[in-house]
Amino acid sequence: KENWDDPLWKKFIRWRYDNIAGFLQEASELIRQTNPNVAFTEVYYAGVGQSWSAGWSSEKTSAPLDYLLVDKTSAGLISQICRYYRALSRHRPEIAVGNEFVVKTPDYAYGDDLMPTTRVMFLADVMTTLANGVTPGFESHGWYNRSFWNKKKATMCSPSFDRVYREAAREIKKRESWLSETEPVRYGALFYSENSRDFHGRNDPERYTQCYLGWYKALLDRQTLFEVLTDRNLNAQDLSQYAFLVLPNAACLSDSQAEAIREYVRGGGGLIASYLTSLF
């Protein structure tokens with residue numbers, strides 16, 4: 001039974017994470033045996049604030065995948081979504097933007113229960129993904145969801161989408177020489193701790209994620225160059241690439257992570273650690 005003070009419950013959470021990641025590892029190996037040239041991915045749903053009850057760990061499940069394909073389903077900061085999944089993805093991830101993009105015409109309708117994305121917002125999302133080193137994917141509810149449909153033909157596709165997608169593609173093409181073969185400038189690092197979200201946040205992930213998102217917004221507003229790091233990056237080798245590290249309420253750190261941080265600071269790295277960092 002759910003009891004965060006019971007070691008068996010915590011063991012169950014980890015066991016469930018490991019099983020789902022293990023399934024993806026098996027699938028990956030099977031696909032490789034059949035055709036080693038096939039890229040293997042799965043769809044993630046954007047956001048760092050998911051609860052343990054979602055049943056899977058982004059960090060563990062991302063390991064067997066060639067790259068991550070992310071459906072931007074929330075209205076959160078798209079740059080945050082980009083940087084988080086870029087930290088997890090083996091190769092450049094793809095963020096599906098415009099999944100609530102719509103153009104209303106006399107022949108096409110869109111369900112009012114969904115908040116539509118305007119053309120300008122869609123193009124802004126495309127450019128933001130590019131600026132954050134991520135591939136934008138074009139997607140719309142209209143292709144597979146009956147909340148958008150053609151009144152006359154009872155179909156779910158609209159030329160209106162094609163026009164804006166083509167416009168976005170032309171804008172990307174203009175900037176192609178600046179976007180290919182690029183790497184981020186490694187200056188600052190902001191740590192996202194899945195362990196703290198689950199084992200400190202427990203049934204209230206915002207207990208942890210609000211601190212993380214607050215620091216993310218503060219660094220972004222100061223126009224400070226920074227990357228997002230996850231648990232797998234919290235080692236001496238990866239940390240050595242950055243001038244400073246921010247640990248926002250990272251309550252749950254392992255002994256090896258704590259030692260890597262000490263080594264980083266002894267080597268001259270700057271450290272900001274807030275609230276309950278390392279106390280659990």
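Quick notes on this structure:
- Compared with the alpha-carbon gap, the fully stretched path from Arg14 to Ala63 is longer by 16.1 nm at 0.36 nm per residue.
- A 1.4 Å probe over all protein chains sorts Thr182, Thr41, Thr277 by accessible area into Thr182, Thr41, Thr277, starting with the largest.
- Computed over region 23-83: relative contact order in percent, which uses C-alpha pairs under 8 Å that are six or more apart: 42 percent
- Region 249-255 - phi-based ³J(HN,Hα) in whole Hz, Karplus 6.51/-1.76/1.60, Gly and Pro as x: 6, 7, 5, 9, 10, 7, 4
- Each peptide in 57-69, 1-13 gets a packing score, the mean of other Cβ atoms within 10 Å over its residues, and the list from highest to lowest is 57-69, 1-13.
- FRET efficiency estimate (nearest 0.05) - Cβ-Cβ, Gln223 to Ile172, R0 25 angstrom: 0.55
- Assigned charges on the beta-carbon of Lys, Arg, Asp, Glu; region 7-66 dipole about Cα centre (debye): 320 debye
- Here the gap between Arg119 and Ala39, fully extended at 0.36 nm per residue and compared with their Cα-Cα distance, gives a gain of 25.7 nm.
- Positive-end residue, region 196-280 charge dipole about Cα centroid, Cβ charges, pick of Ser196, Tyr208, Thr230: Tyr208
The values are calculated or read from the model by the stated rules, or taken from the named source; none is laboratory data. These numbers come from a predicted model, not from an experiment. As a convention, Cβ positions derive from the backbone with ideal geometry for all residues, glycine included, and neighbour counts pool all protein chains shown. Note: areas computed on protein heavy atoms with side chains; ligands, DNA, RNA excluded. Shrake-Rupley method; radii C 1.70, N 1.55, O 1.52, S 1.80 Å.
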